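Trainee: One structure is given below, represented as C-alpha cells, and several questions about it will come after.
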Amino acid sequence: MTNPYGYQAPPGVHFGYPPQLPPRNPNGATAIIAALLGVALCGMVGYLPVYTFIDIPSGVSIGDLPGEALTVIGMYFGAAIVLLLGAMVTLFRSVAGAILLIIGALLALASALLEPALLFRSEYGVYFELVFQFEFDAAIARAAAIALSPVVLVLAAVPPTFRYLRHKPPPPGVYGPQHGYSAPQQGYPSQQGGQPPAW
C-alpha cells in the first residue's frame with residue numbers, strides 16, 4: 001500500500017484510515033434512578049406488613065386475620081421482594097432487573113389500590129382521606145407507594161433503560177491499535193541499533 005505521495009508504506013503501517021473508535025456507551029441515568037427509587041419503594045411497601053405484624057393485639061396470631069387482610073399483606077410483601085431483586089439486578093446491568101422493577105411497581109400500586117376494595121368495603125374516599133392526611137407512618141408508606149410506583153414503572157420501562165441494560169461493552173483491543181498502526185508482523189526480524197539484518 002502506498003502513501004499519498006506514491007511511496008511504498010512500510011510493513012504494518014496503514015495510511016489514510018483514522019483509528020476506529022468504540023461506540024459511545026448508552027446513558028444509564030434512567031436505569032440507575034429506577035433502581036434507587038425501587039429500593040425506596042421496597043422499603044415503603046415492605047414496612048406495611050411489618051407494621052401490621054407489630055400492630056396485632058396480644059393473644060391474636062397472624063392466622064386469625066381475615067383472608068382479605070392476609071391477601072393485602074401478601075401482596076405488599078411480594079411487591080417488596082420483587083422490587084428489591086429488580087433493583088439489585090438492574091444495578092448489575094441485566095434486562096431482567098428492569099422487568100422485575102416493572103412487575104414490582106405494578107404489584108405495589110395494585111396492592112395500595114385494592115386495599116380499600118378488600119378491607120374498606122370499597123370506600124375509596126375514606127381510604128384516600130386517611131392516607132393523605134399523613135398522620136401515621138402506615139399512611140405515609142401507603143402514600144409513597146401510590147406516588148412512587150408510577151415513577152418506578154415509567155423509568156424502568158422507557159427505551160433508554162433497556163438500551164443501557166442491553167449494551168455490552170466490547171473487550172479491550174477489539175477496535176484495533178491506536179493511531180492507525182498495527183502490531184509488527186511475524187516473519188520480519190526486528191533491527192537493533194540501526195544495523196541491517198545478517199542474511
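Trainee: Using a simple spin-label model with points 7 Å from Cα along the Cα→Cβ vector, what separation in nm is obtained for F53 and A138?
Mentor: A separation of 1.5 nm, rounded to one decimal place.
Trainee: Continuing with the same structure: What relative contact order, as a whole-number percentage, does region 86-137 give when Cα pairs under 8 Å and 6 or more residues apart are counted?
Mentor: RCO, region 86-137: 19 percent.
Trainee: Summing Lys, Arg as +1 and Asp, Glu as -1, what charge do residues with Cβ under 15 Å from the Cβ of A141 carry, A141 excluded?
Mentor: Working: positive: R142; negative: D55, E115, E135, D137.
Its environment carries a net charge of -3.
Every number in this text was worked out from the coordinates using simple rules, so none of it is lab data. Only a predicted model underlies this, so the values are computations on that prediction, with no experimental measurement involved. All Cβ positions, glycine included, derive from the backbone under ideal geometry; neighbour counts span all protein chains shown.
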